[in-house]
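Everything below concerns the one structure shown next.
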Amino acid sequence: MAFSPAPAFALKDQSWVPGIEEETAPPRGLGTVPLTQPGDGSPVLQIRPGPDNTPEPGLKPQDETTPQAVPTIEPVETVELTPDLAKRALDGFVKLKQNYQDTDIAEYESLETFVANAEQGPALEKDIKDLGFKSVGEWNIAITSVSFAYAAIAGIQEDEIKQELENIKNDTNLDTKTKVSLIAGLKSMLPSDNNKKVVEELNRDKDWAEKLKLLADSDESGDH
């Protein structure tokens with residue numbers, strides 16, 4: 001199963017998939033995993049150095065002191081799951097797909113912005129709070145944690161992330177500061193043993209396994 005646990009909805013700020021070669025920092029969004037599996041055997045993340053100083057036609061040469069773009073991966077906030085928290089996060093995921101899939105949520109910068117400005121925002125916030133979350137942000141962190149753990153137990157991405165960590169450590173073209181930043185970002189995507197155990201238990205239950213599968217189905221179908 002080719003699976004990258006993508007967000008339920010593609011919010012505007014989620015240019016977080018550096019598939020192959022990306023220099024911008026991936027924002028922390030709805031259930032995001034800032035890596036994809038290319039499917040052609042190439043690395044999950046390829047670090048590309050900043051642009052050289054070769055001017056494009058009609059442009060003045062860059063000053064030699066102009067700083068080059070530095071590849072970064074923004075650490076993703078996660079939380080230690082309990083069975084109850086994971087179940088509530090999944091219930092929220094299902095509810096959002098059912099009730100808000102056809103809204104213009106994709107046009108908003110974040111879930112918080114949608115809640116604050118969209119006509120359906122208060123209803124979404126109520127749905128999430130009815131599940132015991134203090135905010136859509138808190139729910140977002142929980143479902144992201146579930147997504148990472150599910151990707152790991154499905155055998156997708158964890159090994160690739162670990163390989164990229166080794167690649168970065170051995171990359172002599174990266175300075176120490178950049179390495180530390182990239183390593184921190186990648187490590188934040190590796191689920192804890194506890195989170196994998198919680199999701200594994202849920203996946204053994206037919207009903208919860210179906211809800212977990214929605215995380216994969218949402219990505220594979222391109223249905224955000």
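The values are calculated or read from the model by the stated rules, or taken from the named source; none is laboratory data. What you see is a predicted model; the values in this text were computed from it and never measured. Using ideal geometry, Cβ is built from the backbone for each residue, glycine included, and neighbour counts are taken over all protein chains shown.
Which ones in region 130-142 are closer than 21 Å to D104 by Cα and assigned to a helix (DSSP H, G or I)?
V136, G137, W139, N140
Does any residue of region 95-106 turn out to be at pLDDT 90 or above and closer than 22 Å to S188 by Cα?
Within region 95-106, none of the residues are at pLDDT 90 or above and closer than 22 Å to S188 by Cα.
Of everything in region 82-106, what is farther than 20 Å from K197 by Cβ and surrounded by fewer than 13 Cβ atoms within 10 Å (Cβ to Cβ)? Give them in sequence order.
Selection gives Q98, D102, D104.
What are the residues in region 184-195 that are part of a helix (DSSP H, G or I) and either over 13 Å from T82 (Cα atoms) or in contact with a Gly (Cβ under 6 Å, 6 or more places away or on another chain) (or both), if any? Steps first, please.
Initially, region 184-195 is screened for residues part of a helix (DSSP H, G or I), giving 184-187, 193-195.
A184, G185, L186, K187 - these are the residues of region 184-195 that are part of a helix (DSSP H, G or I) and either over 13 Å from T82 (Cα atoms) or in contact with a Gly (Cβ under 6 Å, 6 or more places away or on another chain) (or both).
Which condition from (1) of a type in the set (A, V, I, L, M, F, W, C); (2) under 16 Å from the mean Cα position of the chain (by Cα); (3) in a helix (DSSP H, G or I); (4) modelled with pLDDT of 90 or more is the one that V198 breaks?
Going through (1) of a type in the set (A, V, I, L, M, F, W, C); (2) under 16 Å from the mean Cα position of the chain (by Cα); (3) in a helix (DSSP H, G or I); (4) modelled with pLDDT of 90 or more one by one, V198 breaks only (2).
Under 7 Å by Cβ, and 6 or more places apart or on different chains, what pairs join a residue from region 70-87 that is within 14 Å of P191 (Cβ to Cβ) with one that is charged (D, E, K, R) and assigned to a loop (DSSP other than H, G, I, E, B)?
Correct list of pairs: V76/R28; E77/R28.
For region 159-168, check the following and say yes or no: at least one residue is under 15 Å from E80 (Cα atoms) and touching a Leu at 6+ places or on another chain (Cβ under 6 Å). So that I can check it myself, show each step before the final result.
Of the residues in region 159-168, the ones under 15 Å from E80 (Cα atoms) are none.
No, there is no match, as no residue in region 159-168 is under 15 Å from E80 (Cα atoms) and touching a Leu at 6+ places or on another chain (Cβ under 6 Å).
Quick one: S181 ticks every box in (1) outside any loop (DSSP other than H, G, I, E, B); (2) over 14 Å from P75 (Cβ atoms); (3) out of contact with any Pro (no Cβ under 8 Å at 6 or more places or on another chain); (4) not hydrophobic (A, V, I, L, M, F, W, C) bar one, so which box is it?
Exception for S181: condition (2).
G121 versus (1) without any contact (Cβ under 8 Å) to a residue 60 or more places away in the chain; (2) small (G, A, S); (3) surrounded by fewer than 18 Cβ atoms within 10 Å (Cβ to Cβ): which is the lone unmet condition?
With respect to (1) without any contact (Cβ under 8 Å) to a residue 60 or more places away in the chain; (2) small (G, A, S); (3) surrounded by fewer than 18 Cβ atoms within 10 Å (Cβ to Cβ), G121 is out only on (3).
For N173, state whether it is outside any helix (DSSP H, G or I) and not small (G, A, S). Step through it out loud before you land on a result.
Details: outside any helix (DSSP H, G or I): yes; not small (G, A, S): yes.
Criteria met by N173.
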